[in-house]
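The values are calculated or read from the model by the stated rules, or taken from the named source; none is laboratory data. Computed from a predicted structure; not experimentally measured. All Cβ positions, glycine included, derive from the backbone under ideal geometry; neighbour counts span all protein chains shown. To get the accessible areas, we keep the full protein, side chains included, count just its heavy atoms, and leave off ligands, DNA and RNA. Shrake-Rupley method; radii C 1.70, N 1.55, O 1.52, S 1.80 Å.
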Amino acid sequence: MTLEQTIKQLPDSAGIYQYFDENKHLLYIGKAKNLQKRVKSYFNFTPALKPNSNLSLRITRMIKQTASMNYIVVNSEHDALILENSL
């Protein structure tokens, strides 16, 4: 599945997300009350997937390097915080 397909299929549940570069190196781990809204806030989808223009330079660079992502759904935002800290 492509990065864009993964993002478009995210649930609106609490969880953590992980961004990886093309070499599968972990770039970032984040938590979200709503995975769908949080992850989509990093991207623009028109006409192609690219970083949101409202991001800082540091985050824009990270998003440009992102080739894939994983996510884990949890029961609450509190659980997402605990999982994020443990990872």
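Which of the GluC sites (Glu not before Pro) found in region 22-87 are loop residues per DSSP with 15 or fewer other Cβ atoms within 10 Å of their Cβ?
Working: sites: Glu22, Glu77, Glu84; in loops: Glu22.
The qualifying sites are Glu22.
Using unit Cβ charges (K, R positive; D, E negative) and no other charged atoms, how large, in debye to the nearest 20, is the dipole of the chain about its Cα centre? Could you put the intermediate results ahead of the total?
Details: 11 positive and 7 negative charges, 62 e Å.
Its charge dipole is roughly 300 debye.
Using a 1.4 angstrom probe with every protein chain in place, what is the largest-first accessible-area order of Ile29, Ile16, Ile82?
Details: Ile29 30, Ile16 0, Ile82 90 Å².
Most to least solvent-accessible, the answer reads Ile82, Ile29, Ile16.
³J(HN,Hα) across region 6-18 via Karplus (A = 6.51, B = -1.76, C = 1.60, θ = phi - 60°), whole Hz, x for Gly/Pro?
Values per residue, Gly and Pro as x: 4, 4, 5, 9, 5, x, 9, 9, 6, x, 10, 10, 10 Hz.
Near the amide H of Tyr28, under 5 Å away, which other amide H atoms are found, from residues 5 or more places off or on another chain, if H is placed in the peptide plane?
Tyr19
Could you work out the helix-only [θ] at 222 nm for the chain, with each DSSP H run of four or more residues adding -39,500 (n - 2.57) and the total divided by the number of residues, to the nearest 500 deg cm²/dmol? Write out the running numbers ahead of the final one.
Details: 4 runs with 31 residues, N = 87.
My calculation for the chain gives -9500 deg cm²/dmol from helical runs alone.
Using the Karplus curve 6.51 cos²θ - 1.76 cosθ + 1.60 with θ = phi - 60°, what ³J(HN,Hα) values do you get for each residue of region 48-59, in whole Hz, with x for Gly and Pro?
Karplus-based 3J(HN,Hα) across region 48-59 equals 10, 5, 8, x, 4, 6, 8, 7, 5, 4, 4, 5 Hz.
Using a Cα-Cα cut-off of under 16 Å, which aspartates and glutamates could be cross-linked to Lys64, ignoring same-chain neighbours fewer than 8 residues away?
Hits, sequence-local ones excluded: Glu4, Asp21, Glu22.
State in Å² the accessible area per residue of the chain; use a 1.4 Å probe, count heavy atoms of protein chains only, and round to the nearest integer. List each step's numbers first, then the result.
On the way: 5520 Å² over 87 residues.
So the chain comes to 63 Å² accessible per residue, rounded to a whole number.
Using just the Cα positions, wrap region 6-69 in a convex hull and report its mean projected area in square nanometres, one decimal place.
Working: hull surface 16.7 nm².
Orientation-averaged projected area of the Cα hull: 4.2 nm².
What is the Cα centroid distance between region 1-53 and region 62-82, reported in whole angstrom?
Each part reduced to its Cα centre gives a spacing of 8 Å.
What part of the accessible area of the chain, given as a whole %, is carbon or sulfur when the probe is 1.4 angstrom?
C and S atoms contribute 48 percent here.
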